[in-house]
Amino acid sequence: MFFKKIVMNIRDLTIEEIKTELNAMSEQSYRAVQLFDWLHSKMILSLDETTNIGNSLKKKLVEKFDISFPSIYKEYISNIDETRKYLILLNDGNIIESVLMKYKYGYSLCISSQVGCNMGCSFCASTIGGLKRNLEIYELLSQVYLVSRHNNIRISHIVIMGSGEPFNNFDNLVKFLDIINDEKGQNISLRNVTISTCGIVDKIFKLADLEKPLTLALSLHAPNDVIRKELMPIANKYSIAEVLDAMAHYFEKTNRRITFEYSLIKDVNDGVSNANDLVNLFKESFKNRHIDFNVNLIPVNVVKENDFERPDMSSVNLFKDILENNHISVTVRRELGKDISGSCGQLRASVK
Ligand code: SF4
């Protein structure tokens, strides 16, 4: 039987791993730092861009590794703000979506962690076609590198909140973080990285054990299990109490403020009683624990495949006031790039 040889992309390797590979090729270790610098600091697309790597080493590298890289397929620029959305073409023809946002503190890129998603959240466009596959480490990196190169900017913040559930791609995610944080590469502080999960409890504990200074955001979206189960199938596996306990543990272990994302959906979870239930949920769940957290209210993005409606701003403000009056820190997410196809997954779906 014929098996296709799986070749690793060279960008999936840390400096130490490159050293090991070079030693096995009878090459000197210092070349690993040079190579890592070209790949991850200068973000080259091809070894032809290098100036201090000899042809014989290049030949050995090409024989052993996949050097290819994704490319930008399409760019959409908002006329309202400076948000830019990118469709990125992967080597196998799949397309993923990344969003660049400009803030006072710098550029932030929202990246995808999987091609599609199988978590089935009812308000989300990314899950409509199901899950195709996990992204490889170099594909996670490619979103940062391609958008940085294209705009000639330094991306200082990363939000892993695009298509996919990052914890279902856990090992690649962790190695991506190590490489993107490496001071010889992009040197992006992990304090500037936010991971958003729909609430896979065992992985929240696993991430907490790594004690990395990442910001963790939970897609909560409901004040109780009944509503959460209607919106998010993951709620059938883990109760809201279990998820909030895991989040509190993450704060206690890392001392990093945690975030709860709450999409406000008209007549589903946006009422006064829902806001009061949410206050009581936090009081009950965090009783006798000093947990620093923020609630991020997101008026829902309307997806044509469901009937959800966005609440009017008076309901949003009332919901916010109830939380604030109970000493809960609240923000309302600003809508960016409104004119270039709303929520994540929508652009990709429209191009497919
Ligand atoms: S919200 Fe996140 S976890 Fe849920 S379906 Fe969308 S991409 Fe997947």
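The values are calculated or read from the model by the stated rules, or taken from the named source; none is laboratory data. Since we're looking at a predicted model, the values are computed, not measured. Virtual Cβ from ideal backbone geometry, glycine too; neighbours counted across all protein chains shown. To get the accessible areas, we keep the full protein, side chains included, count just its heavy atoms, and leave off ligands, DNA and RNA. Shrake-Rupley method; radii C 1.70, N 1.55, O 1.52, S 1.80 Å.
Could you tell me which residue of the range 148-164 is farthest from the ligand (Cβ to nearest atom), considering only residues that are out of contact with any Asp or Glu (no Cβ under 9 Å at 6 or more places or on another chain) and open to solvent by less than 10 Å² (accessible area, probe 1.4 Å)? Full working, then the answer.
Kept after step one, since they are out of contact with any Asp or Glu (no Cβ under 9 Å at 6 or more places or on another chain), are these residues of the range 148-164: 148-149, 151-160, 164.
Those left that are additionally open to solvent by less than 10 Å² (accessible area, probe 1.4 Å): 148, 155, 158, 160.
Details: 148: 24, 155: 21, 158: 16, 160: 10 Å.
Once the filter is applied, the top-ranked residue is 148.
Within the range 179-193, can one find any residue that is among the polar types (S, T, N, Q) and open to solvent by less than 10 Å² (accessible area, probe 1.4 Å)? Break it down stepwise before answering.
Of all residues in the range 179-193, those among the polar types (S, T, N, Q) come to 181, 186-187, 189, 192.
Next, from what is left, pick out any that are open to solvent by less than 10 Å² (accessible area, probe 1.4 Å): none.
No: the range 179-193 contains no residue that is among the polar types (S, T, N, Q) and open to solvent by less than 10 Å² (accessible area, probe 1.4 Å).
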Quiz item: Do we have residue 108 as near the ligand (Cβ under 8 Å from one of its atoms), among the hydroxyl-bearing types (Ser, Thr, Tyr), open to solvent by less than 20 Å² (accessible area, probe 1.4 Å) and under 20 Å from residue 83 (Cβ atoms) here?
Solution: no
Quiz item: In the list 207, 214, 244, which residue meets the criterion of being open to solvent by less than 10 Å² (accessible area, probe 1.4 Å), closer than 24 Å to residue 270 by Cβ and touching a residue at least 24 places away in the same chain (Cβ under 8 Å)?
Solution: 244
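Which residues, taken from the range 123-133, are among the small types (Gly, Ala, Ser) and more than 9 Å from the ligand (Cβ to nearest atom)?
Pass one, the range 123-133, residues among the small types (Gly, Ala, Ser): 125-126, 129-130.
Across the range 123-133, the qualifying residues are 129, 130.
Looking at 41, 56, 71 in this structure, which one is polar (S, T, N, Q) and touching a strand residue (DSSP E or B) at 6+ places or on another chain (Cβ under 7 Å)? Please lay out each step first, then the result.
On the way: 41 fails: touching a strand residue (DSSP E or B) at 6+ places or on another chain (Cβ under 7 Å); 56 fails: touching a strand residue (DSSP E or B) at 6+ places or on another chain (Cβ under 7 Å).
Checking each option against the conditions leaves just 71.
Can you confirm whether residue 176 is in contact with a helix residue (DSSP H, G or I) (Cβ under 8 Å, 6 or more places away or on another chain), assigned to a helix (DSSP H, G or I) and within 13 Å of the ligand (Cβ to nearest atom)? Explain how you work it out, then say what you get.
Values: in contact with a helix residue (DSSP H, G or I) (Cβ under 8 Å, 6 or more places away or on another chain): yes; assigned to a helix (DSSP H, G or I): yes; within 13 Å of the ligand (Cβ to nearest atom): no.
Judged against the criteria, residue 176 is not a match.
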Quiz item: If residue 167 satisfies every condition in (1) within 14 Å of the ligand (Cβ to nearest atom); (2) aromatic (Phe, Trp, Tyr); (3) within 30 Å of residue 32 (Cβ to Cβ) but one, which is the exception?
Solution: (3)
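Can you tell me which residue is surrounded by the fewest Cβ atoms within 10 Å (Cβ to Cβ) among those in the range 84-105 that are assigned to a loop (DSSP other than H, G, I, E, B) and in contact (Cβ under 8 Å) with a residue 40 or more places away in the chain? Walk me through it before giving the result.
Within the range 84-105, the first condition is being assigned to a loop (DSSP other than H, G, I, E, B), and the residues that meet it are 90-94, 104-105.
Okay, now just the ones that are also in contact (Cβ under 8 Å) with a residue 40 or more places away in the chain, so 90, 105.
Values: 90: 21, 105: 9.
Per the stated criteria, the residue is 105.
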Practice problem: Tell me which residues, restricted to the range 319-352, are at pLDDT 95 or above, surrounded by 15 or more Cβ atoms within 10 Å (Cβ to Cβ) and assigned to a loop (DSSP other than H, G, I, E, B). | Solution: 326, 328
Quiz item: Considering only the range 247-287, how many residues are open to solvent by 40 Å² or more (accessible area, probe 1.4 Å) and not in a loop (DSSP other than H, G, I, E, B)?
Solution: 10
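When you scan the range 220-240, do you find a residue that is in contact with a strand residue (DSSP E or B) (Cβ under 6 Å, 6 or more places away or on another chain), within 16 Å of the ligand (Cβ to nearest atom) and outside any helix (DSSP H, G or I), even just one? Break it down into steps so the answer makes sense when it comes.
Step one: filter the range 220-240 for residues in contact with a strand residue (DSSP E or B) (Cβ under 6 Å, 6 or more places away or on another chain), giving 220-221.
With the extra rule that they be within 16 Å of the ligand (Cβ to nearest atom), the set shrinks to 220-221.
Of the ones still in play, those that are also outside any helix (DSSP H, G or I) are 220-221.
Yes, that holds for at least one residue.
For the range 115-123, state whether one or more residues are small (Gly, Ala, Ser), open to solvent by 20 Å² or more (accessible area, probe 1.4 Å) and under 19 Å from residue 147 (Cβ atoms). I'd like the intermediate steps shown before the answer.
In the first step, residues of the range 115-123 are kept if they are small (Gly, Ala, Ser); the result is 116, 120, 122.
Applying the additional criterion that residues be open to solvent by 20 Å² or more (accessible area, probe 1.4 Å) yields 120, 122.
Narrowing further to those that are under 19 Å from residue 147 (Cβ atoms): none.
There is no residue in the range 115-123 that is small (Gly, Ala, Ser), open to solvent by 20 Å² or more (accessible area, probe 1.4 Å) and under 19 Å from residue 147 (Cβ atoms).
Could you count how many residues in the range 296-318 are open to solvent by less than 60 Å² (accessible area, probe 1.4 Å), touching a residue at least 40 places away in the same chain (Cβ under 8 Å) and among the β-branched types (Val, Ile, Thr)? Step through it out loud before you land on a result.
Step one: list which residues in the range 296-318 are open to solvent by less than 60 Å² (accessible area, probe 1.4 Å), which gives 296-301, 303, 306, 308, 311, 315-316.
From what's left, touching a residue at least 40 places away in the same chain (Cβ under 8 Å): 296, 300-301, 303, 306, 308, 311, 315-316.
Next cut, among the β-branched types (Val, Ile, Thr) only: 300, 303, 316.
Going through the range 296-318 one residue at a time, the tally reaches 3.
Conditions (1) within 16 Å of the ligand (Cβ to nearest atom); (2) within 30 Å of residue 339 (Cα to Cα), marked per residue:
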{"site": "30", "(1), (2)": "no, no"}
{"site": "58", "(1), (2)": "no, no"}
{"site": "71", "(1), (2)": "no, yes"}
{"site": "83", "(1), (2)": "no, yes"}
{"site": "116", "(1), (2)": "yes, yes"}
{"site": "121", "(1), (2)": "yes, yes"}
{"site": "135", "(1), (2)": "yes, yes"}
Exercise. Mind telling me which of the residues 176, 170, 205 ends up being under 12 Å from the mean Cα position of the chain (by Cα) and over 22 Å from residue 100 (Cα atoms)?
Key: 170
